[in-house]
Amino acid sequence: KTFSRELYFNLITYAAEAIELFDLVATMLYRELFGNEGFGHGVRDSVFTTFIGFERTTPIREINTDKINRLFAVKGIVIRCSDIYPEMKAAYLKCVACGKGCDGIPIIRGQIQEPRKCNFCQTSSSFEIIHNLCTFTDKQHVKLQETPEFIPEGGMPSHINLIVYDDLVDSVKPGDYIDVVGIYR
């Protein structure tokens with residue numbers, strides 16, 4: 001469906017926040033329609049939105065600071081894919097003073113949002129992370145090179161590094177021509 005100009009501007013400008021809301025609403029709607037079918041047991045715990053059919057793509061060579069934290073589209077050739085790595089999505093913390101645990105502590109931009117005090121014993125800064133009870137997701141690094149038509153005569157091809165998560169992990173291989181919609185960080 002097409003977006004209004006204002007919604008399109010907000011989506012591009014506040015991409016991270018907008019996509020998080022889209023994912024939350026999609027997950028709530030899915031659960032409302034289908035219950036917990038397809039969730040749990042390590043399969044997934046949310047629905048992810050995907051954007052396709054972007055009208056404007058940015059050549060890799062023209063990506064600069066005005067794209068930081070904005071949603072944009074780019075085309076290119078995959079030249080390298082890393083191994084798959086785990087990345088923590090939610091932490092499980094345990095108070096070292098009383099032994100009580102805190103489950104589902106969010107990770108926001110790589111930082112664990114540790115509570116200041118234990119809710120049970122009121123001890124400050126007394127938490128340790130219990131790794132085997134944390135929630136993880138898959139992560140992969142992909143190197144994308146500009147397509148030949150954008151390389152100036154006698155020039156070297158430009159490239160960007162992508163980080164893909166969840167369902168996008170292991171979805172491309174070197175040599176694939178792809179269109180990517182993402183947030184530039």
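Would you tell me the accessible area of V181, worked out with a 1.4 angstrom probe on the heavy atoms of the protein chains, in Å² to the nearest 10? Accessible area, nearest 10 Å²: 50 Å². Name the GluC sites (Glu not before Pro) in segment 106-185 that are in a loop by DSSP and that have at most 10 other C-beta atoms within 10 Å, would you? Here the GluC sites (Glu not before Pro) that fit, given the DSSP loop and packing criteria, are E153. Dipole size of the chain about its Cα centre, with +1 on Lys/Arg Cβ and -1 on Asp/Glu Cβ: approximately 500 debye, rounded to the nearest 20. Bridging of K117 to lysines at a Cα separation below 24 Å is possible for K89, K94, K100, once same-chain residues fewer than 8 apart are set aside.
Once the Kirkwood radius over Cα pairs is known for the chain, the Stokes-Einstein relation at 20 °C and 1.002 mPa s delivers a diffusion coefficient of 111 µm²/s. The residues of segment 103-183 expose, per residue, 69 Å² of accessible area to a 1.4 Å probe. Partners of K173 within straight-line reach, counting lysines whose Cα lies under 23 Å from its Cα and excluding those fewer than 8 residues away in the same chain: K75, K139, K143. Could you look at the chain and say what percent of its accessible area is carbon and sulfur, using a 1.4 Å probe and all protein chains? Ligands and nucleic acids excluded, carbon and sulfur reach 53 percent. Helix 15-34 and the long axis of the chain differ in direction by around 70°, with both axes built from C-alpha atoms. Between A97 and F51, full extension at 0.36 nm per residue minus the direct alpha carbon distance yields a gain of 11.9 nm. Our helix-only sum for the chain, with -39,500 (n - 2.57) per DSSP H run of n ≥ 4 divided by its residues, gives a mean residue ellipticity at 222 nm of -5000 deg cm²/dmol. Here the chain carries DSSP beta bridges of which approximately 95% are antiparallel, counting only pairs with both residues inside.
Positive contributions from Lys and Arg (+1) and negative ones from Asp and Glu (-1), summed over other residues with Cβ under 13 Å from the Cβ of S126, come out at +2.
The values are calculated or read from the model by the stated rules, or taken from the named source; none is laboratory data. On a predicted model such as this, the values are computed, not experimentally measured, just so you know. We place every Cβ from the backbone using ideal geometry, glycine too, and count neighbours over all the protein chains shown. Protein only, heavy atoms only, side chains kept; ligands, DNA and RNA dropped before computing areas. Shrake-Rupley method; radii C 1.70, N 1.55, O 1.52, S 1.80 Å.
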